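For reference, the structure discussed in these notes is given below.
The values are calculated or read from the model by the stated rules, or taken from the named source; none is laboratory data. Everything numeric here is computed off the predicted structure, so don't read it as measured data. Ideal geometry is used to build each Cβ from the backbone, glycine not excepted, and the neighbour counts take in all protein chains shown. Each accessible area value is taken on the protein alone, full model and side chains, heavy atoms only, with ligands, DNA and RNA left out. Shrake-Rupley method; radii C 1.70, N 1.55, O 1.52, S 1.80 Å.
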Amino acid sequence: MTAIKKVLDFKRMLWILVFVILGCTPRPVSLFPEGNDIFGLATFIELQGDETEVILADYFHSESVGKIDSVTAHPSLRARISNDGSKLYLSPRSLNIPHYTEVRVWLDGKPYSLITSKSLRQEHTFSFDPDGNRYRNVAIRGEMTDWVPEPMTLVDGNWQVTLSLNPGRYQYLMVANGQDMLDPANPAIVSNNAGGYNSLIEIGNLDRSLLPRIYGTGYKGNDINLQLVNDVDKVIVLWENFRIPEENLIRHGQHMHLYIPGDAFDKERSFIRVLAYNRHGVANDLLIPLQKGLPVTSPEELTREDREATIMYFLMVDRFFNGNPDRDDPVDDPEVADRANYHGGDLDGVLQKIREGYFTDLGVNAVWFSPITQNPLEAYIEFPEPKRKYTGYHGYWPITLTTIDHRFGDDEVLEQLVKSAHEKEISVLLDFVSNHVHKNNPLIIENPDWKTTLDLPDGRQNIRIWDEHRLTTWFDDFLPSLDFSKPEVIETMVDSAFYWIDRFNLDGFRHDATKHVPFEFWRALTQKLKEEKMYPENKRLFQIGETFGSHDLISGYIGSGLLDGKFDFNLYWDARAVFALDEESFERLDYSLYQSFSYYGFQNLMGNITGNHDMPRFISYAGGDLSFEEDDTESGWERTIGVGDPVGYDKLSSLTAFIMTIPGIPVIYYGDEIGIPGANDPDSRRPMIFEGLTENQQKVKENLKKLTRLRSSNMAFVYGDFNTLKVTHDIYAYSRFYFGNRAIVVFNKSWEPKTLTVDLLPNFMHVNYTPHFGSDFYTEGDKLEIVLAPNSFEVLTY
């Protein structure tokens, strides 16, 4: 290691000498040995308490782990490798750990850099005064406990519990003698959007105006110009997984020159990452894609493998389009309602719409479709009341692992579907079910000990106990969950998933019920995909998962060795409430968005949804035909749920504009492009409509098409920074900026037209903006004045 380090230091000193003597931008010099031991970008390591365990195979190729020479860390941290060489342990040497530090891993002389992020957790004690009442037991449950009751202890007459929490807002309830109640000591409450209320507490009080900000203003050759805002104590820059030396960062006050290493010019696509912090906290993180060493500033340079540029469309195969009626085979059972039976949609129908250009016309470049493995031929009565009978039309009851349901298609049609999609630059993701199988699946018939326990010691059946028995609970009594504590179960399910990618050249997965499957499976699957597909074929697959739960729970499944992203349901709940309900403020949504940034980063691959198949249609809430206070499932059985007030269409377009213009991956649920209404499952899974659209439906569709094209044609919406410009109850304005590409997005959720003034950031002044949705506006100096219609939005770009 020492000899190679001296060579690297010599190269750097030579680079500085050239810069000083010539007094100009230096020629790009290669700084790093060729290193392909990590596929993709290594995610950050969040430090945890007294010791943080890092599984090295999450980051490095399994054959490379054994070649690690040594590890060095920041002086505030102690680093050690486990005796078997498989794990890295980090522990604090002092209390003064910087917000970001570098852990350098030397492997065959190559200095890989892993970045740690400081934990911001703080202890908070919740207290419950019984006020003269006697309780056998008291607990607290909420977002901070994933809604699992956390017992409290009686101390000096009060019930107490101390929890370690990240800064943010948390909804919760007290549980006294098994009964939920609001916290009597906390007047702050918030609607739970289900007819009730939760207590609300805010931990920490961060002033975002004091945080540093950083953005790229331009580049010349290999010199990237960065602008720093507010005090910036430290800037850390990575090219791929190597830290760029300080000598490549030349700072002049609030400006910085970042010199791209020559190594980047030998790679078709690589990335620069920029991090910064000051004593108040961290800055927005930057991700800059490079094409042959130069920053990508034109959307034409992006491909469908640039996952950050993904615009995804989710469809349910059975409900989308019937392309081959010969495959139709609904279950013949008079107890099954039409909405719970097969409707005839198939892969032929999806293929036909791909070839017709439906998805291209919408502006999406990725299609995720529901599971397609063989499901049972008969219907089953679901466990909860009122015991209705359903078929497996949705695909989530697999009786095989690697064969296509005859009602959906066959190998040949899937091959043609993927081929046709790729010809149109559309990626294809398969919904994969790993948590459970149907009881008629030969896997569980031949291996009955591969299922988790159904009957619990307390006499309950372990069905739909989502949080308390998260890793073992069954979805229904005919859907046994798999016991992933058995290595043979992990191996079988990993091989099954890999089959679909390998056999049909798919581009990734949407993973069902992620939180109900242990980390060991996700690590095994991701490692196999990396080492047998991504490494050898240089193919960037995309894995996104479904988890309903806290930010902590969701973020725990994201990272090197795990999944690329999850659906940000917490952000969606807030967006749904704010855009649908007049009484909810945009301040709630802005806070929620920054809370997501604090967990997943400003540059993230989180799925931002218009809705999905497991919840009511947004438009029915927004138009008022469905109330948040009613049972959202039974209402769909009792009456025909429509849109209600036509303003629902405008509100749906506003929600769509929001997810299309914030960081992350926008995901359109089929039918939301035209505003199909509906209550909860199965009413939210109505057949897709392609013809005879109403004027309102056509307007929603045209708005969506304009928004997808705006996202696809403006790099600011893909890799740009994010800054809130104005937020009130009814008004929300924010900006995105990327190397001179500017975008300003403004919403008005009131029922009145609004003329508003927005303060512009310095880099947004003195340019001529283009409005895309017809609003009148003008700019003068640092002010933008714009007129917005009721329940509308505007997008300005330059």
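Assorted remarks:
- Residues of the stretch 350-380 satisfying the condition of being in contact with a Ser or Thr (Cβ under 6 Å, 6 or more places away or on another chain) and either farther than 20 Å from Pro325 by Cα or in a loop (DSSP other than H, G, I, E, B) (or both): Gly363, Ala366, Gln374, Ala379
- Among residues of the stretch 230-241, those that are crowded, with 19+ Cβ neighbours inside 10 Å and in a strand (DSSP E or B), counted: 5
- Selection status of Phe383, hydrophobic (A, V, I, L, M, F, W, C), assigned to a loop (DSSP other than H, G, I, E, B), surrounded by 15 or more Cβ atoms within 10 Å (Cβ to Cβ) and more than 30 Å from the chain's Cα centre (by Cα): yes
Let's see how each residue does on (1) more than 16 Å from Ser62 (Cβ to Cβ); (2) of a type in the set (D, E, K, R):
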{"residue": "Arg470", "(1), (2)": "yes, yes"}
{"residue": "Ser485", "(1), (2)": "yes, no"}
{"residue": "Ala497", "(1), (2)": "yes, no"}
{"residue": "Gly508", "(1), (2)": "yes, no"}
{"residue": "Arg523", "(1), (2)": "no, yes"}
{"residue": "Asn538", "(1), (2)": "yes, no"}
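- Here the condition is being of a type outside the set (A, V, I, L, M), within 29 Å of His280 (Cβ to Cβ) and surrounded by 14 or more Cβ atoms within 10 Å (Cβ to Cβ); of Ser94, Ser119, it holds for Ser119 alone.
- Test: Arg711 is outside any strand (DSSP E or B) and surrounded by 15 or more Cβ atoms within 10 Å (Cβ to Cβ): yes
- Checking Gly623, Gly611, Gly648 one by one, the residue that is closer than 30 Å to Leu563 by Cβ and open to solvent by less than 20 Å² (accessible area, probe 1.4 Å) is Gly611 and no other.
- Verdict on Lys389 being surrounded by fewer than 23 Cβ atoms within 10 Å (Cβ to Cβ), more than 30 Å from the chain's Cα centre (by Cα) and within 17 Å of Asp318 (Cβ to Cβ): yes
- Residue match in the stretch 159-169 (condition: surrounded by 15 or more Cβ atoms within 10 Å (Cβ to Cβ) and free of Cβ contacts under 8 Å to residues at least 24 places away in the same chain): no
- Looking across the stretch 451-484, the residues that are assigned to a loop (DSSP other than H, G, I, E, B) and within 30 Å of Met534 (Cα to Cα) come down to Leu471, Asp483, Phe484.
- Selection from the stretch 242-260 of residues that are surrounded by fewer than 21 Cβ atoms within 10 Å (Cβ to Cβ), assigned to a loop (DSSP other than H, G, I, E, B) and either touching a helix residue (DSSP H, G or I) at 6+ places or on another chain (Cβ under 8 Å) or in contact (Cβ under 8 Å) with a residue 60 or more places away in the chain (or both): Pro245
- When the stretch 733-782 is filtered for residues that are surrounded by fewer than 18 Cβ atoms within 10 Å (Cβ to Cβ), closer than 30 Å to Pro646 by Cβ and of a type in the set (A, V, I, L, M, F, W, C), the ones remaining, listed by number, are Trp751, Leu756.
- Whichever residue in the stretch 268-311 is of a type in the set (Asp, Glu) and either within 23 Å of the chain's Cα centre (by Cα) or crowded, with 19+ Cβ neighbours inside 10 Å (or both) and, among such residues, is nearest to Tyr599 (Cα to Cα): Asp285
- Positions within the stretch 35-54 being open to solvent by less than 20 Å² (accessible area, probe 1.4 Å) and among the polar types (S, T, N, Q), in sequence order: Thr52
- Filtered residues of the stretch 67-85 (kept if open to solvent by 40 Å² or more (accessible area, probe 1.4 Å), touching a residue at least 24 places away in the same chain (Cβ under 8 Å) and not in a strand (DSSP E or B)): Lys67, His74
- Of all residues in the stretch 722-732, those being out of contact with any helix residue (DSSP H, G or I) (no Cβ under 6 Å at 6 or more places or on another chain) and either open to solvent by 30 Å² or more (accessible area, probe 1.4 Å) or of a type outside the set (Val, Ile, Thr) (or both) number 7.
- Given (1) open to solvent by 10 Å² or more (accessible area, probe 1.4 Å); (2) farther than 22 Å from Thr452 by Cβ, index of the condition Gly556 fails: (2)
- Test: residue in the stretch 602-612 that is among the small types (Gly, Ala, Ser), touching an Asp or Glu at 6+ places or on another chain (Cβ under 8 Å) and within 18 Å of Asp507 (Cα to Cα): yes
- Scanning the stretch 392-439 for residues that are in a loop (DSSP other than H, G, I, E, B), crowded, with 20+ Cβ neighbours inside 10 Å, under 25 Å from the mean Cα position of the chain (by Cα) and not hydrophobic (A, V, I, L, M, F, W, C) turns up His394, Gly395, Tyr396, Ser434, Asn435.
- Of all residue pairs spaced 6 or more apart or on separate chains, those with beta-carbon atoms under 7 Å, a first member in the stretch 726-755 that is closer than 15 Å to Val787 by Cβ and a second member that is β-branched (Val, Ile, Thr) and open to solvent by 30 Å² or more (accessible area, probe 1.4 Å) are Pro753/Val787; Thr755/Val787.
Listed here are the residues, each with its yes/no results for (1) in contact with a His (Cβ under 8 Å, 6 or more places away or on another chain); (2) surrounded by fewer than 17 Cβ atoms within 10 Å (Cβ to Cβ).
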site	(1), (2)
Ser627	no, yes
Asp631	no, yes
Asp681	yes, no
Leu707	no, no
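- Boolean, Tyr219 is touching a residue at least 40 places away in the same chain (Cβ under 8 Å) and either of a type outside the set (Asp, Glu) or more than 22 Å from Ala42 (Cβ to Cβ) (or both): yes
- Filtering the stretch 125-139 for residues that are within 30 Å of Leu211 (Cβ to Cβ) and of a type in the set (S, T, N, Q) leaves a non-empty set.
- Filtered residues of the stretch 354-372 (kept if under 12 Å from Leu315 (Cα atoms) and open to solvent by 10 Å² or more (accessible area, probe 1.4 Å)): none
- Condition met for Ser64 (within 30 Å of Gln122 (Cβ to Cβ), surrounded by 15 or more Cβ atoms within 10 Å (Cβ to Cβ) and at pLDDT 50 or above): no
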